[in-house]
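Asker: Below are the C-alpha cells for one structure; questions will follow.
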Amino acid sequence: MLPRDLLAPPLGVLLTLSLLSSAARPQDQDPGYTRTYVIQADAAWVAPGEVVAPAFVQISEGKIDWVSSQDRRVAPRTPFGAGEKPPIVKVEGTLAAGIVDAWSGLGPGELLGERRVRPERRMREALPALYSGEDAGLQAQVLTARNAGIAAVYLATGSSALRSGIGTAAAFAAVDLPYATGREALDCAIGGAVAGGPEASYQAEELSGAFAAARAWRDSLDDYDEQLEKYEKDLEEYAKKLDEFVKKEDRSDKDKPPTRPKRPKKPQADAARDVLLEALDGKLQVRVRAESLADVRAVLAMDGQFDLDLVVVGGLEADLAAEALADARIPVILAPGPDIHADGHGERSFAARWMRLHDAGVEVAIASGGAEGLLLARAGQLVAAGADPNAVWASLTAVPARILGLSAHGGIAPGKDASMILFGGSSPFDASAPFQTHKPK
Amino acid sequence: MLGTLLLTLAAGGTGGEPTAALVLLPDAVVALDGTLQRGVAVTIEDGRITAVGPAPAEGAVRVHGVLAPGMVDAYSAWGADGFVFEESRQLTPGLRAADGVDPESEAFAGLLARGVTAVHLVPEPSNVLAGRGVLLATGGALQMLAAQTAQTGSLRASAIYDQRVGPTSLAGGLELLEAALAESAQDVAGDGLWLAVQESEGVRGARALCERAGLAMPLLVCHGDLGGYGGDLAGALVVVPADPQPSARAAEVWKRLAASGTRFAVGSRGGNPELNGLRTAAMALSRATGDAGAAWAAVTAHPAEALGMAGEMGVIAPGARADLVLWSAHPLDAAARVEAVMIGGETVWRPSAAEEAR
C-alpha cells in the first residue's frame, strides 16, 4: 500500500495549478459549444439591410462556418471514406444576429456589491470560471438577457463613481455565464451621473486632472531616467576624484574629499495611476457616463486635451452636441430607460435624440442600461417615429459590436458567434409574431 | 388622409343623434386570437359596432391599416387631480375616484395618441378599503363611462401598514376587512371588490372573508413575485401591473400561469409610468407567453371583463362600443403607429390634428 501522501498531489502543486489557471482565465476561454449543424431558415439578416433568402447557416462549436442561400453541406472525409453530413434543423422565420448590449446591468454580485470602489479593480479578474452553478445570480441575469435576444454585453464595474474600475466586453458561454472577450474599458462618470455630494459639479475637472497628473508622472519618469544617467556619470566622476584624493601624497588640510552625488528619487508607482496610463496608451477605452450637455462638453474637452479612446455613455443631452461628437468621432451609447420625455415633449424623446445623433454622423448604440426587456420595444418605436429600420438594427448590433471591439458579433458571417435570434414577423420589433433566441449547441 | 376620412364620415356622430351606419373595411382587424384577419368589415351605428363580417358588395369605406379595439387600462392613476386618498382613517369605502378626476388632464391626449381609449382610475390603494373607482374615456363627448366601479382596497404590507392608524399586519388588515364586510357587505362591495395582494395568505384570507360575507370572489391585483403564490391564481382573471421588462423568472411565471388558465388584465398603476406602458407590457407578455391573442386581450378584452363590461368594450364584436384604433401594423409590433382613434363612433384623434395643435 502506498502512503497517502504519494496518492494525493502535494498542496503546493495544486495551488500553483489553480493560480496558473486563474491567471489564464480571462483570455482564451472555451465557451463550451461542441456541435456542428446547419440551420435552414426562411431568411437571414446577415448585416443591416442585407438579406439572404432562403438561408442556410452552418455552425460548429458556437461559431458560424458559412452562410448561403443553398445547402452547402459537405460530408467530412474520414479514414473509412466519406462521413455523414452535419444534421440540418429547419425553422420558420428570419435569422438575425444577436443583440450587443453595450450598457448592461450584468455583473457578478460580489464585484458590484463591493463597498469600497477601487479604480484599479478589473471585471475580467472577477468573472466566475465557466462552471454551471458557480454564480447562480449571474446565470439568471444572462438568461434574462438571452431571452431578450442579447448575445454579448459590456460588463461595467459601475456607472456612478468617478472611476469605478475596468469593465470588459463579454459573450455568453454554454453554461449561461459571461466570458470576457473584446475590449476592456475604464468606467467613469462625471457631473450629475456621479452619486453623491455637491462636489459632483467639478468631477469632470477631477477626471481630466487625474489624466493630466498621470501624464505628468510619466514625464517625471523620463526626467528620472535622465537624472539617473547623470547620477551614474557623476558617480564615476566621483569615484575618479575620490581615488585621486586618496592617492594624493602631498595632501594638506585644505584638500577636501569630493562630495558623493545624491541618487535621484525614484517616482512612486501607483496601481490607480497605471490604469490611467493604460488608457493614455490606447490599451483601454474610456467610457464616460455623461448626461447633461455640460458633462458631454467636458468629455469633448478631454478629447482635445488627451489622446484617449472616449465613449459617451448615457448621453441624455448628447444630441445637443451631436456635430462636435461626430467631428471628434466619439461614439454615444444611449439607453432607452423610462422615456418620460416622450410624454408631452416630443423633441426630447428617445427617438428624437437618437435621430439627431445619427443624422449628425455620430456612431450611436442603443443599449439596455439594465432594462433588457425594453430594448426591442424602444427600437421599434424609433422605427415608428420614422427612423431607418436598418440604421436602428445596426444600432443594436453592428455599431455596439464595433465600439466594444467584438469582432465576432454584430452580423451573420463566417467566424461570427452563432448566438442569433429568430423572428416570425416582418422585423424583430413585432411582438405579435413568434420570437426565439438561438443558443448554440 | 384616412384619419380625415374617418373624421368626415363620423362627424355627425356626436350629440347622441342617430346616424347612418358606417361600414369600415380596413386592411385587417385584430382577431380574438391575436392574428390579423383580412376582408372583415365593421359596421358602426350610434357609437356601437352593429355587425362584423364579410365586406358588403358596396358602401364599405376602405381604410389602410389594422383596426383594433382601443386599449383599456385596468387599474390606473391617469386623469386624477392629485392623489385620490384619505390617510387619516383606516377604511375609506365611501371615497369616490370620480370626485378626484381632472377633466383637463393632459394625460388623456397622450393616452389617445398611444391607442388607449379608456382608463379605470382607482383611488390610491393605501387603505384596506380605499373607495370606488371610475371608468373614464380618454376622448369623445362622454368622459365618465361608469361613474362608480368596484370597491378597491389593498392587503399589501407596503401599502397599508401604518403605525399611526393601523393596521400593522396582514392579520390586522383581514380583521378590519371582515368587520367592514360584516357591517354592510352589499353596500361596501356589492358591485365587486378589487384587492391588491402580494402573497398567498392575503389571497386566501380575502377569499374566505368574501365567501363568509356572501360576496363574489374578489378580483386580485397581483403585486410582488407571482411565482410565490401562483397556485392561488390558476384559472382566475387577475390584474397585473404593467411590466415591460420581466426577469427570466417573471417571464417563466407568466408563461406557466397562462398555461394554467390564468388570464391577465394589465394596469399601469404600480408598473410602467409611461403613457405607452400598457402596450409595451402587452408586448412583453406576448414575448413571454408566446400567445399574442391573450397578450392583446390583457390590454383590451380582459380589463373590460374585469370591469363587468365583457363584450361591451375591448372587442370588435356586435354590441361593443365603437372604441377603435387604426394602426399602421399589428398593435403589438413596436414599429406600428397610431393612425386614428375613434371613441363611441367618433374620430377623436389623428396624427395630423396633433401636429397642427403642437
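The values are calculated or read from the model by the stated rules, or taken from the named source; none is laboratory data. What you see is a predicted model, and the numbers here were worked out from it, not measured in a lab. Note that we place each Cβ from the backbone using ideal geometry, even for glycine, and neighbour counts take in every protein chain shown. For the accessible areas, the whole protein counts, side chains as well, though only heavy atoms, and no ligand, DNA or RNA atoms are used. Shrake-Rupley method; radii C 1.70, N 1.55, O 1.52, S 1.80 Å.
Asker: Of all the strands (runs of 3 or more DSSP E) wholly in segment A:70-114, which have at least 1 residues that are open to solvent by less than 50 Å² (accessible area, probe 1.4 Å) and in contact with a helix residue (DSSP H, G or I) (Cβ under 6 Å, 6 or more places away or on another chain)?
Answerer: Details: elements: A:88-90, A:94-97, A:99-101.
Here the list reads A:99-101.
Asker: Next question. Can you tell me which of B:PRO273, B:PRO218 is farther than 24 Å from A:THR144 by Cα, without any contact (Cβ under 8 Å) to a residue 40 or more places away in the chain and either buried (at least 19 other Cβ atoms within 10 Å of the Cβ) or within 14 Å of chain A (Cβ to nearest Cβ) (or both)? First the steps, then the outcome.
Answerer: Working: B:PRO273 fails: farther than 24 Å from A:THR144 by Cα.
The conditions single out B:PRO218.
Asker: Next up: Do any helices (runs of 4 or more DSSP H) entirely within segment A:348-396 hold 2 or more residues that are away from chain B (no Cβ under 11 Å), and if so, which?
Answerer: On the way: elements: A:350-359, A:375-384, A:389-396.
Once the helices (runs of 4 or more DSSP H) in segment A:348-396 are filtered for at least 2 residues that are away from chain B (no Cβ under 11 Å), what remains is A:350-359, A:389-396.
Asker: Looking only at residues in segment B:330-342 that are facing another protein chain (nearest Cβ under 7 Å) and outside any strand (DSSP E or B), which one is most open to solvent (accessible area, probe 1.4 Å)?
Answerer: Among those residues, the one meeting the criterion is B:ARG337.
Asker: Checking the condition more than 14 Å from chain B (Cβ to nearest Cβ), modelled with pLDDT of 95 or more and open to solvent by 20 Å² or more (accessible area, probe 1.4 Å), which residue from A:PRO400, A:PRO414 passes?
Answerer: Just a single option satisfies the conditions, and that option is A:PRO414.
Asker: Also, quick follow-up: Restricting to segment B:288-304, what's the tally of residues that are facing chain A (nearest Cβ under 7 Å) and either surrounded by fewer than 24 Cβ atoms within 10 Å (Cβ to Cβ) or of a type in the set (Val, Ile, Thr) (or both)? Walk me through how you get there before you give the answer.
Answerer: Pass one, segment B:288-304, residues facing chain A (nearest Cβ under 7 Å): B:290, B:292.
Those left that are additionally either surrounded by fewer than 24 Cβ atoms within 10 Å (Cβ to Cβ) or of a type in the set (Val, Ile, Thr) (or both): B:290.
Number satisfying all stated conditions: 1.
Asker: So, one more: Residue pairs, Cβ under 7 Å, 6 or more apart or interchain, first in segment A:106-131 and at pLDDT below 90, second open to solvent by 60 Å² or more (accessible area, probe 1.4 Å). List them.
Answerer: Correct list of pairs: A:PRO128/A:GLU134; A:ALA129/A:ARG25.
Asker: May I pose another question? Looking at (1) touching a residue at least 12 places away in the same chain (Cβ under 8 Å); (2) within 24 Å of A:LYS283 (Cβ to Cβ); (3) out of contact with any Pro (no Cβ under 7 Å at 6 or more places or on another chain), can you tell me which one A:ALA170 breaks?
Answerer: The single condition A:ALA170 does not satisfy is (3).
Asker: Is one or more of the residues making up segment B:278-287 surrounded by fewer than 24 Cβ atoms within 10 Å (Cβ to Cβ) and either at pLDDT 95 or above or more than 14 Å from chain A (Cβ to nearest Cβ) (or both)?
Answerer: Taking every residue of segment B:278-287 in turn, none turns out to be surrounded by fewer than 24 Cβ atoms within 10 Å (Cβ to Cβ) and either at pLDDT 95 or above or more than 14 Å from chain A (Cβ to nearest Cβ) (or both).
Yes/no matrix, rows are residues, columns are (1) modelled with pLDDT of 90 or more; (2) closer than 30 Å to B:VAL203 by Cβ; (3) part of a loop (DSSP other than H, G, I, E, B):
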site: B:GLY82; (1), (2), (3): no, no, yes
site: B:SER88; (1), (2), (3): no, yes, yes
site: B:PRO93; (1), (2), (3): yes, yes, yes
site: B:ALA98; (1), (2), (3): yes, yes, no
site: B:ALA109; (1), (2), (3): yes, no, no
site: B:VAL119; (1), (2), (3): yes, yes, no
site: B:PRO123; (1), (2), (3): yes, yes, yes
site: B:LEU136; (1), (2), (3): yes, yes, no
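Asker: Restricting to segment A:37-69, what's the tally of residues that are closer than 19 Å to A:GLY415 by Cα and outside any strand (DSSP E or B)?
Answerer: The number of residues fulfilling the criteria is 4.
Asker: Also: Out of (1) under 18 Å from B:ALA298 (Cα atoms); (2) part of a strand (DSSP E or B); (3) open to solvent by 70 Å² or more (accessible area, probe 1.4 Å), what's the single condition that is false for B:ALA68?
Answerer: Result: B:ALA68 fails condition (3) only.
Asker: Hey, can you tell me all the residues within segment B:241-262 that are within 14 Å of another protein chain (Cβ to nearest Cβ) and among the β-branched types (Val, Ile, Thr)?
Answerer: Of everything in segment B:241-262, just one residue is within 14 Å of another protein chain (Cβ to nearest Cβ) and among the β-branched types (Val, Ile, Thr), namely B:VAL253.
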